[in-house]
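Heads up, the thing below is written out as structure tokens.
The values are calculated or read from the model by the stated rules, or taken from the named source; none is laboratory data. From a predicted model like this one, the values you see are computed outputs, not experimental measurements. A quick note on method: Cβ atoms are made from the backbone with ideal geometry, for glycine too, and the neighbour counts reach across all protein chains shown. Surface areas here come from the heavy atoms of the whole protein model, side chains and all, with no ligands, DNA or RNA. Shrake-Rupley method; radii C 1.70, N 1.55, O 1.52, S 1.80 Å.
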Amino acid sequence: QVQLVESGGGWVQPGGSLRLSCAASINIFSISVMGWYRQAPGKQRELVATIMSGGNTNYEDSVKGRFTISRDIAQNTVNLQMNSLKAEDTAVYYCNARFRWEDYWGQGTQVTVSS
């Protein structure tokens, strides 16, 4: 079992920045893949970014150059730095962990981008 707890969501104006964090109940380097997904109202959940245990990263096209996924060893967290936010980034953001062929999810954190 892996417990994931997200934090850092909120409201921001277009062009602003937010940083999301996902704290895991086990060592994040033992997890094959960790990532962030989002789900906007009326839409399916979609991949935002992933980071492999070896450090390789992957981003959805619309966030490339604006979002950065990283790991904090000391805090045992996976973070998502979101810059140049747009209204279309508004969604509930979920942390995901792929561990021993099972997917684990956090409870989600709301990100709202509006003026």
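Structure notes:
- Max mean-square fluctuation residue, GNM over the chain, Cα-Cα springs under 10 Å, options Gly15, Gly54, Gly35: Gly54
- Each listed q (0.13 Å⁻¹) maps to a log10 I(q)/I(0) for segment 50-115, found by the Debye formula over equal Cα scatterers with no solvent: -0.42.
- Average accessible surface for segment 65-115: 52 Å² per residue, computed with a 1.4 Å probe over protein heavy atoms with every protein chain in place.
- Choice from Ser62, Ser17, Ser32 with maximal GNM fluctuation in the chain (Cα, 10 Å cutoff): Ser62
- Per-peptide packing, taken as the mean over residues of other Cβ atoms within 10 Å, places 83-89, 55-61 in the sequence 83-89, 55-61 from highest down.
- Mean separation of Cα contacts under 8 Å, 6 or more apart, over the residue count of segment 17-69: relative contact order %: 26
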